[in-house]
1. Would you mind telling me the antiparallel percentage of the DSSP bridges in the chain, rounded to 5?
2. Just checking my list [x] 18.0; [y] 15.7; [z] 15.0 against Kirkwood radius over Cα pairs in Å computed from this structure; which label fits?
3. Going toward the positive end of the dipole of the range 1-142, with +1 on Lys and Arg Cβ and -1 on Asp and Glu Cβ, which of Ser116, Phe4, Leu139 do you reach last?
4. Which residue fluctuates most in the GNM of the chain (Cα springs below 10 Å): Ile95, Ile130, Ile65?
5. Going by the alpha-carbon gyration tensor, a ≥ b ≥ c the square roots of its eigenvalues, is the range 12-78 rounded (a/c under 1.5) or, if a/c is not under 1.5, prolate (a/b greater than b/c) versus oblate?
6. Determine the percent antiparallel among the DSSP beta bridges restricted to the range 1-76, to the nearest 5.
7. Do the sum for the chain: with -39,500 (n - 2.57) for every DSSP H run of n ≥ 4, divided by all residues, what is the mean residue ellipticity at 222 nm, to the nearest 500 deg cm²/dmol?
Amino acid sequence: MKRFPGCEQWLSDKIIPIQENKSKINFLNPEQRQVYKLKIDGCAINDNLTPRCDYGLVPCTHVEIYIELKGRDVSGAIKQIESTIHEISSDSKKIKKLCFIICTQVAIPRTDQQNSQTRFKNHFNAILYIKRGGYEYDLTNCC
């Protein structure tokens, strides 16, 4: 993930919460590794034209994580993450990516969700998670 001074933090907390309004995800970091957190929406990408997700995390050198916190517009969230990967990924095809859409309500047909997950895997080397708020992900699973 590209660097954006002024928009980034280095964290080593055991729990790294990402939250906006009612959507929230906790990244568990039991080994307290240094994790690069990037505020994307309104900081790293600050124009009104480019769709972008909310945050990015880099828990280790070979993994990028993209996070979009939504109410229920999953289709819009998918487009935002795709656009963000094109804009700021270090390598949109080779580096492993985890993409999280955290919603208050999941409103996408199962086949559309499966098609998006397949497209992300094939085009971005990414796993796409679409989850309801309050989800937790253990970073030791990805590094």
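1. Bridges in the chain are about 45 percent antiparallel.
2. [z]
3. Ser116
4. Ile95
5. Taking the square roots of the gyration eigenvalues as a ≥ b ≥ c, the range 12-78 is prolate.
6. Close to 95 percent.
7. After summing the helix terms and dividing by residue count, I get -7000 deg cm²/dmol.
Coordinate-derived values only; no laboratory data. Bear in mind that the values here come from a model prediction, so they are computed numbers and not experimental data. For neighbour counting, all protein chains shown are included, and Cβ atoms are generated from backbone atoms with ideal geometry for every residue, glycine included.
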